[in-house]
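Remarks on the structure that follows.
The values are calculated or read from the model by the stated rules, or taken from the named source; none is laboratory data. Given the structure is predicted, the values throughout are model-derived calculations rather than measurements. In this analysis, Cβ positions are derived from the backbone assuming ideal geometry, glycine residues included, and neighbour counts consider all displayed protein chains.
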Amino acid sequence: MLQEALQKRDYTKAKELLKSGETLPDTLKDYHIKGIQDNIIRDKAFDIVDLFIENDFIETDIYEYDSFNTSIFNSIIKYLSNDEESIAFLNGFLSKVQNLNDELEGKSLLSLALENEVDIEIVKTMISNGCDVTIINRSEENLIHQVVKKYTRKFDKGLGYLQLLYDEGLDLDKPNTAHATPLHIAVKEHRNPYIQWLMENGADANAQNKNGESPFFLAISQGGGTEKYEIMRQYGFPDFDQTTQRGETLFCASDLNHLQLLLEDGADLYQTSVDTYGREYSKIDTLAISAPGFLQIAIDSGQLDVNRKDNTGNTILHKVCGRETLHEEKRAKEVYKLVKLLIASGADVNITNDKEETPMMIASQDNLKSKTVELLLSSS
């Protein structure tokens, strides 16, 4: 009878039966119990919850559970409204809960609430009733990490959580076991509104993770647009002297879409780094194999000395002339355009490297570069 009344959502009848001592059958499956509990919370039949607790149908000691999944706690998290009546119920319910901050399957009740994006008034009520905001998970992550990690299409609620947690004293720069801060995660996961909020509130964009990568490093080396870096540079600039565990500098590892911004912010075209094979290189080497538009940015910056030699005596013109065309006419035309730009900027076509090679001598080794050779000859 009680089961039938609850499944029909006849709560008046259910209350009568509960008060008369009727119980639910022991054979009731978990999914049936979950369905009943979900409906009770949806329908705001809170007096039924109170009667369940009085009759020991609901366990209020979190330590007694193995999982939140089929518990009343999960029903409350998923279906409780944020109106005055519901908040009053939550206040009363939480006062009866034992071991409120115990974790089940790596989650506390508060972290479960944040994961399910409950209304912020519910979060505030949970905190005011003793839910611990300082709880740390197995990866040494605080609740700010958790909020930033959660995928969402709408950031308003998450931003509200972040402000609340920050006001409660949580550390914006708390590193996890991989030494990643919430800002590292926000950048890596392309959560731009969170990047903005974290930077506004003083997050350290030069903090290095286990690999020696800072949030700035991740922002400029993941490819794509410049939006993340443009947000971050409003609040500070990269430490261009930092190196990763592999020995890479931020500027050398950056993709060329960020070239102009980084040069404006103090990057050095001639700063050296090492690649994944341990070979030393600078941005000049990257520009020599890039599209002409990027070389033009470097020229316009005023930093590029077109006749400066590297440690083997090669200028950028030597490097461009040595660029592989891979039997592709398109690549050969790019070499031609780059050489033309460099000559117009004052490159010495007769300068020699440590092997006594001129740029023309290097270019002449590739038949597809015949136009480039002619250009160099006419400029010598």
In segment 341-356, residues that are crowded, with 16+ Cβ neighbours inside 10 Å and of a type outside the set (V, I, T) total 6
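Run down S67, S71, S95, S75 and say which single residue is among the hydroxyl-bearing types (S, T, Y), touching a helix residue (DSSP H, G or I) at 6+ places or on another chain (Cβ under 6 Å) and either without any contact (Cβ under 8 Å) to a residue 24 or more places away in the chain or assigned by TED's automatic domain parsing to the domain that holds D26 (or both).
Details: S67 fails: touching a helix residue (DSSP H, G or I) at 6+ places or on another chain (Cβ under 6 Å); S71 fails: touching a helix residue (DSSP H, G or I) at 6+ places or on another chain (Cβ under 6 Å); S95 fails: touching a helix residue (DSSP H, G or I) at 6+ places or on another chain (Cβ under 6 Å).
After applying the criteria, what remains is S75.
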With criteria (1) exposed (fewer than 15 other Cβ atoms within 10 Å of the Cβ); (2) within 30 Å of R233 (Cβ to Cβ); (3) of a type outside the set (F, W, Y), N307 comes up short on (2)
For I220, only one of the following conditions fails: (1) more than 30 Å from A363 (Cα to Cα); (2) among the β-branched types (V, I, T); (3) assigned by TED's automatic domain parsing to the domain that holds E334. What is its number?
(3)
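Going through K107, K44 one at a time, which residue ends up being within 26 Å of L17 (Cα to Cα) and in contact (Cβ under 8 Å) with a residue 12 or more places away in the chain? Break it down into steps so the answer makes sense when it comes.
On the way: K107 fails: within 26 Å of L17 (Cα to Cα).
From the options K107, K44, the qualifying one is K44.
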Six or more apart or on different chains, Cβ under 7 Å: which pairs go from a residue in segment 273-299 that's free of Cβ contacts under 8 Å to residues at least 40 places away in the same chain to one that's part of a loop (DSSP other than H, G, I, E, B) and acidic (D, E)? Could you list them?
S273/E248; V274/E248; Y281/D275
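Condition check ((1) within 22 Å of Y229 (Cα to Cα); (2) modelled with pLDDT of 95 or more) across all residues:
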site: D275; (1), (2): no, no
site: K283; (1), (2): yes, yes
site: L287; (1), (2): yes, yes
site: R323; (1), (2): no, yes
site: D354; (1), (2): no, yes
Anything in segment 318-361 that is under 40 Å from the mean Cα position of the chain (by Cα), assigned to a loop (DSSP other than H, G, I, E, B) and under 23 Å from A298 (Cα atoms)? List them, or say none.
G322, R323, E324, T325
If you scan segment 344-380, which residues turn out to be farther than 12 Å from K319 by Cα and among the charged types (D, E, K, R)?
D348, D354, K355, E356, D366, K369, K371, E374
Can you tell me how many residues within segment 225-241 are over 14 Å from the mean Cα position of the chain (by Cα) and exposed (fewer than 13 other Cβ atoms within 10 Å of the Cβ)?
3
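Which one of these is out of contact with any helix residue (DSSP H, G or I) (no Cβ under 8 Å at 6 or more places or on another chain) and surrounded by 14 or more Cβ atoms within 10 Å (Cβ to Cβ): T249, T177?
Numbers: T177 fails: surrounded by 14 or more Cβ atoms within 10 Å (Cβ to Cβ).
Just one listed residue meets the conditions, T249.
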Kindly indicate whether any position in segment 169-188 is under 27 Å from I136 (Cβ atoms) and either of a type in the set (F, W, Y) or not assigned by TED's automatic domain parsing to the domain that holds D265 (or both).
no
Quick check on my filter: what residues within segment 146-170 are among the charged types (D, E, K, R) and either surrounded by 15 or more Cβ atoms within 10 Å (Cβ to Cβ) or closer than 21 Å to L109 by Cβ (or both)?
K149, K150, K157, D167, E168
Could you pull out every one of the helices (runs of 4 or more DSSP H) wholly within segment 229-311 that has 2 or more residues that are closer than 27 Å to Q196 by Cα?
250-253, 259-264
Six or more apart or on different chains, Cβ under 6 Å: which pairs go from a residue in segment 49-63 that's over 22 Å from C131 (Cβ atoms) to one that's surrounded by 17 or more Cβ atoms within 10 Å (Cβ to Cβ)? Could you list them?
L51/L18
Matching residues, segment 57-80, being among the hydroxyl-bearing types (S, T, Y) and crowded, with 16+ Cβ neighbours inside 10 Å:
T60, Y65, T70, S71, S75, Y79
